[in-house]
Each structure stands twice: as structure tokens, then as C-alpha cells.
There are 4 protein chains.
Amino acid sequence: MAKIKVGIAGATGMVGQRFVQLLESHPWFELSELAASENSAGKTYQEAVKGRWKLTADIPEYARKMKVKECLPNLDCQIVFSALDANVAGEIEQAFAKKGYIVSSNSRNHRMEPDVPLLVPEVNADHLRLVEKQKKNRNWKGFIITNPNCSTIHMVLALKPIQDAFGIEKVMVTTMQALSGAGYPGVASLDILDNVVPYIGGEEEKIEAETLKLLGKMKNGKADNALMNVSASCNRVNVSDGHLESVSVKLERTATEKDIVKAFESFNPLKELNLPSSPSRPIIYREEPDRPQPKLDRNNEKGMASTVGRVRKCRVLDYKFSVLGHNTIRGAAGAAILNAELMKAKGYI
Amino acid sequence: MAKIKVGIAGATGMVGQRFVQLLESHPWFELSELAASENSAGKTYQEAVKGRWKLTADIPEYARKMKVKECLPNLDCQIVFSALDANVAGEIEQAFAKKGYIVSSNSRNHRMEPDVPLLVPEVNADHLRLVEKQKKNRNWKGFIITNPNCSTIHMVLALKPIQDAFGIEKVMVTTMQALSGAGYPGVASLDILDNVVPYIGGEEEKIEAETLKLLGKMKNGKADNALMNVSASCNRVNVSDGHLESVSVKLERTATEKDIVKAFESFNPLKELNLPSSPSRPIIYREEPDRPQPKLDRNNEKGMASTVGRVRKCRVLDYKFSVLGHNTIRGAAGAAILNAELMKAKGYI
Amino acid sequence: MAKIKVGIAGATGMVGQRFVQLLESHPWFELSELAASENSAGKTYQEAVKGRWKLTADIPEYARKMKVKECLPNLDCQIVFSALDANVAGEIEQAFAKKGYIVSSNSRNHRMEPDVPLLVPEVNADHLRLVEKQKKNRNWKGFIITNPNCSTIHMVLALKPIQDAFGIEKVMVTTMQALSGAGYPGVASLDILDNVVPYIGGEEEKIEAETLKLLGKMKNGKADNALMNVSASCNRVNVSDGHLESVSVKLERTATEKDIVKAFESFNPLKELNLPSSPSRPIIYREEPDRPQPKLDRNNEKGMASTVGRVRKCRVLDYKFSVLGHNTIRGAAGAAILNAELMKAKGYI
Amino acid sequence: MAKIKVGIAGATGMVGQRFVQLLESHPWFELSELAASENSAGKTYQEAVKGRWKLTADIPEYARKMKVKECLPNLDCQIVFSALDANVAGEIEQAFAKKGYIVSSNSRNHRMEPDVPLLVPEVNADHLRLVEKQKKNRNWKGFIITNPNCSTIHMVLALKPIQDAFGIEKVMVTTMQALSGAGYPGVASLDILDNVVPYIGGEEEKIEAETLKLLGKMKNGKADNALMNVSASCNRVNVSDGHLESVSVKLERTATEKDIVKAFESFNPLKELNLPSSPSRPIIYREEPDRPQPKLDRNNEKGMASTVGRVRKCRVLDYKFSVLGHNTIRGAAGAAILNAELMKAKGYI
């Protein structure tokens, strides 16, 4: 099978760098195009990210000499992974989709549009069907799919098996989010050393809205919002990677702690598809009282799993637990790649 | 007025050190005795804390040469401030109270006993009356009063004006607690660098139980528990001092955001008493979207105030906000000293 | 005595903020003018630093409502403290000096000019005499004096008593510098968490050159460079404030460890002048094997002292020790204020 | 070829854990025995390290169920890797060697004994010959070899090519050492957050002494100390893994910067031996002005390489540079394993 050519729009930022890293030797996709702002266009990728490459491992050899192009819909590829800044992502992604590209976006711009799938493959794979409507509505040859905000993804992965088994009425979450979620240079060191910042602009609104769409059901070709209340409080902590979240849920039906742990541990809806980036277990449950921890659990399943721990009774809602996941892998670039793999497996490509 | 002689039991640990620091030049109290374990007894205070003095400012001159004694009820003082470890505090504090000492304890051992006041002066000063019953019940000449856990104090300070004005049905709190709360050596650096630990042994239970007692009303000489549900999730973050808490509340009566902010800002029940350690404002409300922060707000009012910010609607309960306070000053040693000042002002000494 | 009116050029940056803080209630100086870039001009100081005030303590009340002006030589003040960026400081400072202002600058631009005093009052107060030549050379009514780079100041304070007593041939220094030295936003948190960066642009050259000028002698109205070799290696560490330096020296004459410690402890050349910002001891020597430490020693003498420890034999040069000091107080704003106080005391104002 | 059975003495500490990790699937060695203190003996390895496993990756599956034994010379293995505490390592290692075991030790106890090789394979492989004398001197069937202190190894790797090409007269080094070097729990978080500690007990002496032995030549069956002066200043920084060192050297013969970089880059004395743990390049030279950095370079070549950067003139000695390496891999467990591989390749096993 010939590999599918893919490009990255916004290739020089932190999420763009993760795309480059995760697409190295991908079994289905071949990175053929790197695109970024005018400043970078014309340079080799190596030059373009000079002084801004922020992953611990070096720039993969295969991408160093690739020429960076502008984000115009004339790239030689079938899929465009978008890691664009929200202030430009809207129009650029539309331009690509109009011309027939499949856009798998990590940007927030189109997430909440009714005909754009907001997708976590283990959670709402059937929302992919919205793309038919999208193409028709907009008279586009291509289409846009999106993945949620980094905090939302990991929480929703943990909520989904609970929703399926017991129903969910209410969700309260307090996040402790990593620095890489703010991009680069992002958070100034003087602002976060020996500190926590109890605010991340726009984040609480995103978590509250996206969760409802993700956990909603398809009905008559539309994705209805889930009927639940979600409340989020977001904090920035001095951690490089890995968002930790304290979550409480009110269930529709009774369950024991064991029931809930079992729901986590048996959750694996994509098992049959064998997607290349799919974790062997999307949720890892740790029994220890002090897990999950960012430092110890963010790289589980190459950063593609959510790790859950501390399931216990909640005196206000029903149960509470902690969930942790890598914010720039499963929470961003890895999510968009998994979405593209799902499209391929489902015949959309 | 001659000053009241006071001693510290457990003077060499982190909270003990804070007592020594905060009692320097106290207008009402004179530190006359330092007591600690057998290991330290007989040494000067300076020798006893050698290599273990963990406050940024040096050991106060006045305490350096004082001889450390054993924690036996033969100290030359009227009040004993207890910063003892929970594994020894129970018996030692009782021994002192039996002999006629007034024990103002930061330890958890006696907090939940029905005839022992668990006290935050701005919140439940009238609980002091329990000491009459305590002396009678136990046939003691002295008595024990206690202050709550460090996380509880700051949350309850913020809850009190809301309870008074609008009633509270439910409270959810997620804490992000500082390292000094674990004492010294406490948390290993390798466990917390680039990390958050979602667990502090016993802490959630303390917050959930103590809050009910503190917000309960005196009735027929007994302190009834408040009728509300409290759920706590506790996390340790890489911050030296200052516990930050994300709190959501369900009210009994409707209120606007402005009403709640006004309740915070007008809260000052101790104003008339002019206690030496009393902050001029027990709650400081910050309008900025990203406050309170440990680094910026922990030392407000010399560490004796709680700082609150981000009052906003909660989609699951009614309102949410962040509260922050110094955990070893207002959250421990300063709390016990303020309690003693209240006793003095109320004529119990 | 009426206070001398002073202004701050570059009042909104990190060093500018320190000037505002340190000049509050200054006994000799009255802050009458705040000047900054066009962006800030016309705003109140409070508005101008909104979101950029980075000191732990809040903006002093006295400065909040002051109007920020442009950095033009029409300010109503006699002394201008300059905290300007190096890319604009050169011309602006000259413009002020030409018009008759006394400029006490923290910027690097004029430091190495032969007729500009590079001044640490305890070290080379006699270099002040260069200002006569400067005024004459340049036909200016006012003049410029400068303080050294933050790392240089603390090292030179420690070297001076050694030079006076035993002579110095060679100096090797490795610095571990704080984040605030890079201004704000400065170092990105992702670059320094769990890391050290072995490079600070231009810093090694500044330390090597400035030290020679500072330790040089006045001769025939000129400041000769000291005849010694200085080699610096600079590292950025994850510390908010306080530069720590490992220093080795080769002496001209023999000395014992005790001799050197005694030289540190007896060093107090400004004692008689009673300058308001002068520390009671410019060098604090700590006997403990693990001092000085940034967290424990940066605020000694309100951040105006250098703290030294660990004097011991060096197998390559003669002796080595560690020195630590606050980089934005004694290392910047406090240094420039002390220089102005010296000028006043010496009759230059 | 049947694998050689190896055991670990001190298997539960931080370096012991690294041995367990690095020996997984080793092509020449098979881990057959785990030994530790009485407390751990009898437990499975998993139980023994419960709450103390401090590597980011989980306990390797292969070791979990292995029974931990006491450190007595009745283990079923040929080589014993020692990660014992210095207070017990001396006698235990001797007991093993006496009984015929080959002991490859990371402990400091025997390092400086004249008949014990202190070994870095790329630096002084010929010192292995000392074991003949050792066996004879002590009438032992087995023998002890040692690897140096973690800071020494990386510095000496960088010094060796310079020594070979240009000779070295003097070495000055200031270290910035990682937390894992202090073991677990090691450094308290309150001592190192927002701080640097300018002291590590015994470390400077070790670096100064071990370097001379390592760079010394074999002559008449003895390892003479190198004739050079070494001076070390050691600091602890808030970094998890990776010691960074600022080094200056005085050469015996002239060299250009390019010469020195070339010496680093062409250094690969073990190339022909193809040892399994040998890095393909023992020294990686980075051209960027701000490398090496702990976070970015500690894992180069699976933690077995030293990374060097910033070669430049020194105004006091001749040249200076920075060197960085992983302190518990190449600086400890990996070093001892590489030493054992060398022994095997050289026919000592």
C-alpha cells in the first residue's frame, strides 16, 4: 500500500513539532509538506525552528532539510494536519477544505460548528458522519475534522466508559495543567516558579462546551449535546508536560467503586481497528493511592493513554477520581493523527 | 500589663519554628519555654535546630540561647502552644491541660472531640464556650483548644461570610497544597520536581469533617455539625508556602456574584477586638482574573489573611472561586496564636 | 533639608519597578518623575505596568497614580535613575546629561567609557572624580555614572578586601544566575524547568571587563585597569532572585584562610558616611559549610549585602569561596541608588 | 554463547534500580540475583521497592517477582554489581571478591586503593591489569573493580582526548549537580526549590583525587597519579538528572579551539570492541552556544555519552568548556556495566 501524503500547517510551533516527531516512520502516512507563516516559508525546517525546537529529542533527521512552504492550498498532500494559531486557523483551514484537502485540526476555531466532527475516536467515532453534511452544506470538496482541547480529551476518555455504563448527570473538574499547553515561549519562568496560576484564558469554557458535544449522540444526522452539566476550574502548574485533573461525577444509575474501575479497565472500543497510534489500553487504571502523576504517567502508551486513579466516593456528587494525560501528544498532535487514522479505517480517505 | 508567659511544645519542627518567629516581640505573650523531644532537651534552641531551621529569615536572636526542655507539664508558663507530631500530641497535650495549662494546639488529635473547641476566631468564636464543659467533663484545671488543618482554615474563612449571608448546602474543593505543609524533610525533591502528587494522606477526611464542625452552631452547650456536604480532593504541588484551593458552593438562597464579593469584602467580625495577630482584613478579594497566586498572595497581612478571587457561576453547584492562604502562618502557628489572643480577649485567661 | 527630586527612566521594566519600590520613603530622594517608552507615556504608572508588575509586593501606593512621561530631558528632577534597555539607553542618557541632569545608570552602554565612573561605593568611590573630566570632555552640564552588571557587583565586593590586603593576580568565576536577571518575560519556563542553561549572552565579557575597571586605581585623573586576569563562565539556573558565584583567586601575597575571612568581616569602608541604602555590613560571612544560598541569603541587609561562605584552599589558584547577592537590588536598582547617595555625600549634588 | 550470570548488591536504592533497568535484555549478562539489606531480603523485588521505585519507567516485568536475598557471598552469579551504601560496601565487596566473585562497584570505598582499578573504559582500560596484583596481594579468588564518582566520569571523559593531544597541567571545575545524585529521599524539596546549595559533602575531594588516578599512566604494574592540579567546587541544583560542569584547563602544549573540538569529536577509543553499552560516540560536541543542557542532553546515547559544548579561550587558564552527562546512567550503573563488559572483552571473565 502506498502511503498517504500528509502535510502540517503550522509546523514550527510546539504542536507542529510534535506532529513532525509523531509522523516519523508512520506506517500509513508520509509527511510530504511542511507549511508555516511567511517568516518561515522558504527556509529548511531546521532553519525555521532554530532556537524554537522545544522537544527533548532532537529534530528528526527526515524533516531537517524539508523546505517550509506557506499555508496555501497548493500543497502536495491529501491530509493537512493543522496546528495553526487560532487567529489564523479559521480561514486557512477552510481554504484547504474547499480545495479538497482533508483537514485534521487541533485548533479550536471550527470545533463547535454543528457540521464539524469534534472527535475522540474511542468516544464518538460515529460523529465522523457529520462530514457528509459538512461537504454538502458548504459545497466543499474536502472537509474539516477537529480534536478537542487537551484537557477535555483526557477527561472525556475517562467519562465515556462511565457514561456508557451508568449515565452521567454532572461533572465537576479542577485541572492542573502543564506549561507546554501554553506553547512557546508561553508562561514566563518568573510567573510560575514556586507558584500556581489559577487561570487559563478561555479554557474553562472550552472544557464545559466541548465535553457536551463529545458525549452527545448522533440523531437524524446531527450530533446532539449530552444532557449534563459540566463545570471546570483551570490552573497552571509548574510541570512541563501532562495535565492532571480532579474529577467528580454524578451518575444516573448506581454503581460501586469496583464497577467504575471495571468500566475503566475494560474500555477499549477501538481494539478491532488496530489503528497505528491507538494505545493498547486507552485508559490505564493505577491502584496506588498516589497515582496518576504527571512525571510518572504522562508517557504511558507513548503518551496516547489516559491514566486514571483514586476512584472513591464523593460526598457532593457520587464518585471522584484523578485523570492524567499527555497534553501535546494525546492532547493535541497525537489526537489529530489518531483521528486521521480513524478516517482512513472508516473509508473516508 | 505584665505579659503572659507562653511555651511551645514541639518547638523544633517547622510549625514550632513559626511559633518562635511569630512570638518575637508579641505585645501580650512572652515566650518563656521551649520544649521538644528528648533528643533536643538540654540543648540551646540554636543547637537543637541546627541544620533543621527552615524559615528564610534566621533564628530570632531572642530564642537562640534559650534551653530546650522536655515536653513535661512542669514548664514555667500559662499557655502551651502545641506543634507536636500527632503520634505524641494526644497524651502530652492532655497531661498539660490536666495540670492547669491552657493548650492551644495545632495538632489534629483532639480537634474532633465534642468538648474541644476547633476554632477560627472569625468563624466560630462562640465555640470557646466548650472549654467549660471540657474542664468539667475531664476534671481538668486547664483545657485544650485547637485550630483546624491548614487547608480547612482558609476555605472556612471564605465560606463563613457566604454561609452567613446565603446559607451553604454543598461544598466541593480541590486543593493544590504547598510543600511546607508536609513538614521537614517532608516531600523529596525527586518526587515533586516537574510533578504534582494527587494525594495527601488523611487530608481529605480532615477537610470534610473539620469544616462541618467549624461551621456548626452552638446549641444547648454543644457544637452541632453544620448540615452540609463537603467533598475534598487534595494535591501536592511544587510550591514552598501557600495552599491554593478551587472551591464550588451550592447556596441555600440566591445571590449574585456581586453579593458574594461584597460578603467577602465586608467580612471582619473581629474588628472590635483589636487582637494583635488579627489581619486588618481577614479576606482580601482580588479583582484580577488570575489571582490569588501563592507567590503573590501568601504573605498578605503578614500571612494572616486569606485571599480570594475569581468568583463566578458554577454550572454544577452555584458559584465557584479560588482561595489562597499561608499554610504555616494563618494555617498553623499564627492560627493557634490568634486563638490564644481570642481567649485572652474573651477573659478565658 | 528639602529632598532631591529624582526620576526614573525605564520605570516600567523589572529594574524600573525595583527603583520605584526602593525609593518609597527614601530619606534624601523624592520620586517626582516616571518615564518610559511612548507606549506607556500618558498612562498612570498603575496602568502602564498592568500585567507586568513582577515584584512580590504590590505597586507602592505612592506611585500608582503618577503619570508616566516620555524619556525626554524635560523632567522635573535633578537625578535620573536609568533602567533603560541597552538599545535605547545610550542616546537617552546622553541627552539627559547634556541638559544638566545627573544620570545614575544601570545600563551597560557607558560603563566602559574612560571618563564615566563605573562605581561600587565600597570599592572605588574615588572614581567619582572622573565626572569632572567627563563634563569637560563632553561639554555637558550634567554627567553619567554607572553601576556594574549584577554578577560583577557581588564578586567585586568580595574581591575588594582581598585585593586590598593581599593583592590579586587571577580570578576564575562560574556563576549560577537567577531568572530575574533576564527581565520579564525573560526566560521561558519550558527552557529552565528541570534544567540549567550554560550561557547568558554577553555576560562573561561584561564580568571580565568590568572587574578590571572597578578594581583599577585612579592615577593622573584616569582610572587604570587592574592588572589581573579574570575568567568567567555564566549559567542560568531556576532561581527567582539571587546570583550565586563560585570564585577562585590567585593572590599576590600569602594569606591564611583566617586572614581572608577576617578581611571579609572587617570590610566596611563606607561606615562613616551613613548612606541611607548602605548595608551595615557590605559582606556577610557565613561559617556554615553550605552557605550562601540564594533562598536564604539574597535578602540579607534588605538585599544590599553580599554574602560569602566556604573560604577554602584551591589546588589550582590559591583560595576559593562562594558569593551570593540579590541581582535586582544590590545588583541593579539598589546599586544605582547607593551611587547617587555617595554623590550626594561627596558633594557632587 | 550462554549469558554470564550477574547479581546486584544494593538492588533497591536508586543506583540499584538503574542496574535492574539497564540489565534488562542485556546481550551478554543475565540478571540472576538481587541482593539488599536484611529489611528487603525475602521479599519479591516488587515488594522490596514499593514506594521507593524512583525511575520514571515502571519496574521491568522481568525483575518484579525475583526474590531479594541478603548481600552474602553465596549468590548464584559470576559478577556482582555493587550499588551499596559506602557505610557497608567496603566489607561486603571484599567478602564477595575473596570468595571468587568479580565485583564491579559503584561505591567509593575501594576506588583509591592502589591495586584496585578505578576505571572508565575509554580513559584507562589498561588499569584493568591491576587486578592481577590485587588478587595476588590479597590472596583473593575474585577481585574488585570500581567506577568513579558521577561528576568525575563525565569530566574525565572530556579531559582524556585533550590530555592525549595536548597534555594538561591544571583543571578547574565548578559543578551543578542533579538531585538524583543524592539518592532517595535525598534532597528535601524545601531545600532546593528556588535555590542552589553550594555544597555536596565529600564531592570536591573525590573529584580532585579520582581524576588524578584515572588520568595516570600504568608504569611497572602500578598506576601513577597524573601530574596535574585539579580544583573542584560543587553545587546542587534543582534538576532531576544530569550533572553540568564548567571546566577550565591549562594545557602543556598549544592548541586552537578547533584542535580541541576535533579532539572531542574524534575520540572513540573503544570503537573496535563493540561493547553492548558503549555509546557510538562517547563525547558529543554541540556547536550551539547554549548547549549542553541537562534536560536536552542527559539522555544522549541512552545516557551513556558525555555532551560537551562552548569550547572557548580562558583568560586565566587556556581553554574552558561545559560538559554534561547522566549521573545515574553513565555516571553510575551504566559505568559499572560498561566496566564489566570491558573485562569480558579483555578476557578477564
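Just so it is clear, none of the values below were taken in a lab; they were calculated from the coordinates. Note that this is a predicted model, so its numbers are computed, not measured. For neighbour counting, all protein chains shown are included, and Cβ atoms are generated from backbone atoms with ideal geometry for every residue, glycine included.
Structure remark: mean-square fluctuation, Gaussian network model of chain D, C-alpha springs under 10 Å; the largest value among D:ALA335, D:ALA11, D:ALA57 belongs to D:ALA57.
What does the net charge come to around D:ALA2 if you take all other residues with beta carbon closer than 13 Å to its beta carbon, with K and R at +1 and D and E at -1? That works out to +2.
Proximity of backbone amide H atoms, modeled 1.01 Å from N, is registered between D:CYS71 and D:ALA36 at under 5 Å, excluding neighbours fewer than 5 places apart on the same chain. Roughly how many Å is it from the Cα centre of region C:66-111 to that of region A:301-340, as a whole number? That distance is 54 Å.
In order along region B:272-280, the phi-based Karplus estimate (6.51 cos²θ - 1.76 cosθ + 1.60, θ = phi - 60°) of 3J(HN,Hα) comes to 5, 7, 6, 5, x, 9, 6, x, 5 Hz; Gly and Pro are listed as x. Lysine pairs in region A:81-186 whose alpha-carbon atoms fall under 24 angstrom of each other, counting only those eight or more residues apart or on distinct chains, come to 10.
For region A:293-349, dividing the convex hull volume of the Cα atoms by the residue count gives 111 Å³ per residue.
Please check: in the Gaussian network model of chain D (C-alpha springs, under 10 Å), which one of D:GLY142, D:GLY183, D:GLY242 has the largest mean-square fluctuation. Checking each option, the largest mean-square fluctuation is seen for D:GLY183. Extension gain, B:ALA2 to B:ASN225: 0.36 nm times the residue separation minus the Cα-Cα distance gives 76.4 nm. Positive contributions from Lys and Arg (+1) and negative ones from Asp and Glu (-1), summed over other residues with Cβ under 11 Å from the Cβ of A:LYS65, come out at +1. Phi angles of region A:72-78 translate, via the Karplus equation with coefficients 6.51, -1.76, 1.60 and θ = phi - 60°, into HN-Hα couplings of 10, x, 10, 7, 8, 6, 9 Hz per residue; Gly and Pro are given as x. If you run the Gaussian network model on chain B, springs between alpha carbon atoms under 10 Å, then out of B:MET176, B:MET66, B:MET14 the most flexible one is B:MET66.
Using the rule -39500 (n - 2.57) for each DSSP H run of four or more residues, divided by the residues of chain C, the 222 nm mean residue ellipticity is -8000 deg cm²/dmol.
For region B:1-44, the pair-distance distribution built from all alpha carbon pairs, in bins 10 Å wide starting at 0, is 28, 52, 18, 1 percent. The share of C-alpha pairs in region D:227-280 whose separation exceeds 18 Å stands at 62 percent.
The alpha carbon radius of gyration of region B:150-326, expressed as a multiple of 2.2 N^0.38 Å, is 1.02.
Radius of gyration (Cα atoms) of the protein assembly as shown, expressed as a multiple of 2.2 N^0.38 Å: 0.96. Here the average projected area of the convex hull drawn through the C-alpha atoms of region D:1-92 stands at 5.8 nm². Residues whose amide H falls under 5 Å from that of D:GLY216, counting only those 5 or more places apart or on a different chain, are D:ALA226, with hydrogens built in the peptide plane.
For region C:265-349, the set of GluC sites (Glu not before Pro) satisfying both a DSSP loop assignment and a count of at most 16 other C-beta atoms within 10 Å is given as C:GLU287. Once you sort the root eigenvalues of the Cα gyration tensor of region D:112-186 as a ≥ b ≥ c, which label holds: rounded (a/c under 1.5), prolate (a/b larger than b/c) or oblate (the other case)? Since a/c reaches 1.5 but b/c is at least a/b, the shape of region D:112-186 is classed as oblate.
Per residue of peptide C:308-317, the mean number of Cβ atoms on other chains within 10 Å of the residue Cβ is 5.
Normalised radius of gyration (Cα atoms, divided by 2.2 N^0.38 Å) for chain C: 0.95. Taking θ as phi - 60° and the Karplus parameters 6.51, -1.76 and 1.60, the scalar couplings of region D:291-305 work out to 10, x, 10, x, 5, 9, 10, 5, 9, 4, 6, 6, x, 9, 9 Hz in sequence order, x denoting glycine and proline. For A:LYS222, nonlocal amide neighbours, meaning residues 5 or more places apart or on other chains whose placed amide H falls under 5 Å from its own, do not occur.
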